[in-house]
Each structure stands twice: as structure tokens, then as C-alpha cells.
Amino acid sequence: MRQTGRVHGSRRSRAAEAGNALLSARQEVLRLREILDRGPDAFISADAAGRVRGWNSVAGRLFGWSAAEAAGRPLGELILSSRARYEYGESLRRMREGVARDSPGVRLELTAVDRAGREFPVEMALRVDVEGGEQVCRMFVHDIADRRRADTLRETRYAVAQVLAEAGSAEQAAAGVVAAVADTLGWTCGEYWQAGSDAGVTRIGSWVRPGRDLSAFTGDRTVTFRPGQGLPGTVWVTGCPVWFSDLTADPEEFSRKQAALRCGLRTAIGLPVRSGHRVLGVLVFCTDAVQRADDDLAALLDDVCACVGRYMERRRAEELALALATDRRQFNEIVTHVNEDVWTVEITSEGKARPVYASSFGSSVLGEELPADIGDDLIDHVSRHVHPDDAADFSAFCAALVSGRPGTVEFRALGRDGITRWIWIRAMPRREVDRLFVDGISTDVTERHRMAEERERLLAQEQRQVRHLQELDRMKDELMAVVSHELRNPIGAIRGYTEMLLDDPGLTGERRSFADVIDRKSEQLQRLTDDLLDLARMDSGHISVEPRRVSLTPLIHQAVQDHGPAAAARRLTVTADVAGELPVHADPARFRQVLDNLLSNAIKYTPPDGAVTVTARRDDDGCQVVVVTVADTGIGIPAEEYPQLFTRFFRASTAKDAGTKGTGLGLAVAKAIVDAHGGSITACPGENGGTVFTVRLPAADPETQDGPDLRT
């Protein structure tokens, strides 16, 4: 019999070990699934036949298929466009052939398709492994549509800037810009309409995608629209962009709309090119697909219009340069009232800057008036004032001007008055026939730099103060933890000896009352040190929380029953309203600590003949959440003090006024415990006075024994 008992005990031990191992493995699988579900990328696994085996929640949101719907379906047909399946299949084949040689994974950029048929670019990290003799393909998929779009918008900006930098006339710039924008964005055609007199706007540049016949819409002849006529005329008059996302669905009629529809165009966009409040021209773009407006695209088109407007204005300024020469005197009078140095130089064939014009404000910028005998090289003269540390930047700036390129530079200059100033120069070259001129503005920005340095100094000072306060806070927490820890042992000894005294039947009268006082006060000290130690552990991340599946119903009823005597002593009624079984994933001892804190607070701050009510039920919104409320009819809390309610050592003014004693730690401990469970705790005024505390905890799946179901 003894031998049989040992055999049975051994079998039970092995079964228990196997059960524990199975439970541990299951928990590890659930943890890995949770990590994958919380990640930023879709995770998919497939078997050797290419059929879906694993599918996380991110994949469900990205492609629109649930894990159950995706399971067992061919991956290529499920998420890839027809033109991307071949590349995916070839890459997968090569990896399967090389898996025996430990072939590394590959990254592919493919066109994916979701459940609704929307195509979008993705980056796929693909790897093939062998498990149990079977090949398993695992992949992470990331949506790169935003990155592709950002690259396209950046390429468009660069193309427009390059066109404007190389254009030699307004017509070249107009044709180049519409071609650059339409081509890089994949649109069908573009036009630039230049505003003339009140007669209307005239098309001076256009582009049509190669292979498209839009002669019925664009034509080859010169076209002029009157104010308010057609899309260009409307934009010119209103000065506002016009965007027809879908011409087939928009009821508004305008010239050339029917021609656009016959050519298969779906979207038409008109954009004003401005110079201040004046419209210089209109950019028109059309495309075959429905193109919705979005912030990034609108910002790009605004930038394009601004660049074209600046270019057209500059070209116009260059063409009017000779006419403006007759107004030089008036210009000089205006410049004298500007707090900047305005100048013009001519770049000679030797690469020198011969002064042509300089305002009288140079004395404030360089600390001196330009001498009459400066000679033929302003660059050489200014270089003598440049700070040695900024000489390289100034030389590069001058080299750009000499080569006919615009430039800006900021440098320090030491004037003859002994003052070092920060100078900011902006210069723009222009050509008149075969001569190169540079117009520039020099500004004294010393004050701006002084303010920036002062701002940096103040910021550094503030950061030092913040670090000092953080260090003081850390030292305070460490001191609190050490003190509370050192108090536990003497308090425990005091309580132990006090209990021995109280157990002595010979201790009577005044001495017994003294011992009762010692016992009550030491118990208060014990609770205070326990709260302080809990807070210290929570701050350091060492809080002891051991969650498991537990029903709140008996916990709540037991807590209400235990606090019944204290409530009865104050003539209070404490009731519990619990809706059936409420399983949660929680540490029962810690959650009981939360209930005790809330109930003791409610009883302490509720006047006699009041009521305390505890309710618990699942969230009505269908979320996997259990909501527990503790409501009282007590003295309440001022509205402005609710944000501080869960701060350690904070006590409401109403509690202080009522003379009710407390440490201000109970609610801080309760919040830390609830936070450690992944829940939340809040407080608000009750409908009939008092305060309502609400605790929300994740509900456990009724069908499991280990908390919420983490399966996809």
C-alpha cells in the first residue's frame, strides 16, 4: 500500500509539473501575442503553401480582414495587388530554396490592397524558418504611403525650385512649373494663365502627359478668358483656389467643363499666383482620377504658387529696372527712412564688387559711412571688418554673388567705432544685358542675437533649477522610504508589548485606558508607515501586485460587512449593489486595500444619519471593463481641489475645516494600486452632495481562468 501511494504521488507530481509547464507556455504565448498586437506593424505568418496562419490586430486594421477571415487564405491573393504577387512569390521561392543555408530575411516594397480594394504601398520584412520540419514564413508589413507621399511632395518642391532657378523668362518658368508639378504628382495636364489688364487672363504655358490626347480641352491656340469666365477667370477675380474633386458629381458649370469630361478628366484645380493682394496669374491642373484635397497637398500647392509669384514679380522687377532708374531720387528718399543698409554693386569681370548705390544707413551697420575713395571692390573693404571666425562664411557668400547666385549670410563685423555687430545680408543678383548687378540689404541683428543668447542663458538656468528640484524630490522620497522602514520595527514592538499588557486581566482602570490609547496610536502609526512604504515601492516600480482571476462580488460584500461596525458607530448605512458575478484580473489583497481606503474615507467624512453606497457592474458601453463606485453623502470636496485629490499628503479644505484627522496618503496609495492593475480611479461630486469615487478595472473573460483573452 505504501508503494502504491508513492507511485500515485509521483504521478500526481509529474502531472502537476506538466500542468504548470503548459500554463507557463500558454502565458508566454499570450504575452507574445499581446506584444505583437501592441506593435506598430502588421505581423503575418503563413505555412509552406502560403496560407495565413497568424494574423495580429494591426494586420486586421490595415487590411480590413479579421484573423478568422484571413486564416487559411492564400496570402498573396488576400493582401497584394496582382502586379505585386509575382515579386512576392519569387522572393519567397528564393528564400525557401536558401533556408537550409540560413538565408537572411529580405525587405520588399510592394503594392498592397485592402478589403475595400484600396491600393497602397507597403514595406514587407520577410523571413522563412523551419519549425518541426515544416517551413514557416513570417513577415512584418508597414504602410509607407505617407512616406511615399512625403517623398513625392519633396520631389515636387525640388523640381519647381530647379525650374525657377534655370528659367530665363516668364514663359519658360510657367511651362516648366506646370510640367514639374503635374509630372511628379502623376497628374494629366497643367496650365499657367497670366493676368494682364482688366481684359482677362491669357494662357502662356501648358503641359500634357505624353500619350494623352487632350486637344479638345487644351488646344494649341492662344486663349484668353474674361474676368469670371471659366476656371482661370473665376480664380483670377475671386483670388481664391477652386477645387473640383469630381467633375462628374459637381453640378457647377464652367467653360471647358464638358470638354474636360469628354477627355476623361475627373478633377480640376485652379490656384491663384499672388504678389501680396494682387493676382499675377492662375495655375490650373487636371487629372484623370478623383483627387481629394488634403493639408499636405494644399500646403505644397501654396508653396508652388508663392514661389511662382516671387519669380514672376522678380522677372517683372528686372524688366522694369531701366524704367525705375528715372525714379532713383524718390527711391533714395524712401530708403533714408528705412533702418537698413540698401545697396547695389556691379560684379566686374575680375570678380570685384564695384559700388553702384548705397544708402546712408551704413554707419549703423558697419560703424562708418562708406568712404568716397573705396575703390572698385566693396568685398575687400567689408572683409576687413569681418570677425575671423566668420570669414569663411562671408567668403562663400561673396563667391556665390560673383557667380551670379543669390545668397544670405550672417556674420560679426568690427566697426571702426570699436563695436562688434551681427550683420545679416540678403543679396539677389540680376543681369542687365551682359552686366551682372547685385542688390542687397544689410541689417544690424545684434539685438536679436543678444536676446537669443539671453534666452539660452535663462533656459540653461531653468534646466538647472529643474534638475535641482528633481534631485530634492528624489532625496525626499528616499528619506520618506528610509524613515518609514526604520519606524516599522519599533512600532511593531510597541504594538506587541501593548497587546501583552491588554491581555493581562490585572491591568484595569486608568492604566488599561492608557494602554488602549497606546494601541490605537501605534496602529495609526503602523498604517501610516505601511502607506509610506507602499508609495515608496510604487515610485521605484517594486510594488507587489500578483493579479489573478477573481470575482469582485465577495470582495465587495466582505469589505462592506467589515466596515459595518464603524459605520454603525456613526449612525451610517452602508449598502452594496453588485450586478452578479464580476470577474476581473486583479490582486485580491491589493484591491481589498483600495476598497478599505475608499470605504474608510467615505465613513470618516460622512455626517451621522448619512449613507454610503457601493455599486459594481460591467460598463454599459460593451467594453471589457468593470466599474466600481463608492458614493457618500458626506461633506464633499470643493470643485477646484479635485485635480489634487490623489496627490500624497493632500487633504481637502472641507476635511480640515471639519477637524477630521487624516494623513492624506490613502487615496494616493489607492490610485497607485489601481494604476498598477491597468485601471483608473476618478472622483466627482455626487448628485445629492458628497463625493463619488469610480474605479475602472479590465474585466476577465468568464470562460478563461487567466484574465482577458489576448487572442487576435
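The numbers here are math on the coordinates, done by the rules we state, and not lab data. Everything quoted here is computed from the prediction, not taken from an experiment. Cβ coordinates were reconstructed from backbone atoms using ideal geometry, including for glycine residues, and neighbour counts include every protein chain displayed.
Within the stretch 404-432, find all residues whose amide N lies under 12 Å from a label point positioned 7 Å from the Cα of V356 along Cα-to-beta-carbon. Taking a point 7 Å out along Cα→Cβ of V356, the residues of the stretch 404-432 whose backbone N falls under 12 Å are 428-432. What separates the Cα centres of the stretch 37-64 and the stretch 288-316 is a distance of 40 Å.
Annotation: the residues I637, I144, I79, sorted from fewest to most other C-beta atoms within 10 Å of their own C-beta, follow the order I144, I637, I79.
Our note on the geometry: Cα centres of the stretch 198-275 and the stretch 99-174, 33 Å apart. Per-residue Karplus couplings for the stretch 447-453, computed as 6.51 cos²θ - 1.76 cosθ + 1.60 with θ equal to phi - 60°, are listed in order as 5, 5, 5, 4, 5, 5, 5 Hz, Gly and Pro entered as x. Close amide H pairs (under 5 Å, H built 1.01 Å from N) link G407 with A427, residues at least 5 positions away or on another chain. Working from label points 7 Å from Cα in the Cα-to-Cβ sense, the V106 to E462 distance is 5.3 nm. The phi torsions of the stretch 152-161, fed into the Karplus equation with coefficients 6.51, -1.76 and 1.60 and a -60° offset, translate into couplings of 5, 5, 5, 5, 5, 4, 5, 4, 5, 4 Hz, rounded to whole numbers, with Gly and Pro shown as x. Amide hydrogen proximity for T287: with H placed 1.01 Å from N in the peptide plane, the residues at 5 or more positions away or on another chain lying under 5 Å are T188, R266, T267. Computed from the C-beta positions of A216 and R314, the FRET efficiency with R₀ = 45 Å rounds to 0.80. Amide H to amide H, with H built 1.01 Å from N, V356 comes under 5 Å of T344, V345, E346, counting only residues 5 or more places away or on other chains. Residue by residue, the stretch 389-400 carries 3J(HN,Hα) couplings of 5, 10, 4, 5, 5, 5, 5, 5, 4, 5, 4, 5 Hz when phi is fed to the Karplus relation 6.51 cos²θ - 1.76 cosθ + 1.60 (θ = phi - 60°); x denotes Gly or Pro. Model label points for A150 and E471, set 7 angstrom from Cα along the Cα-to-Cβ axis, are 3.8 nm apart. Taking 0.36 nm per residue of sequence separation and removing the Cα-Cα distance, the E546/T238 pair yields an extension gain of 104.1 nm. Over every Cα atom in the stretch 545-631, the radius of gyration and the widest Cα-Cα span, Dmax, amount to 13.4, 40 Å.
Segment R209..S395, full-extension length gain: 62.5 nm, with 0.36 nm per residue of separation and the alpha-carbon distance subtracted.
Of the residues S600, S82, the one with the fewest other Cβ atoms within 10 Å heads the list, and the complete ranking is S82, S600.
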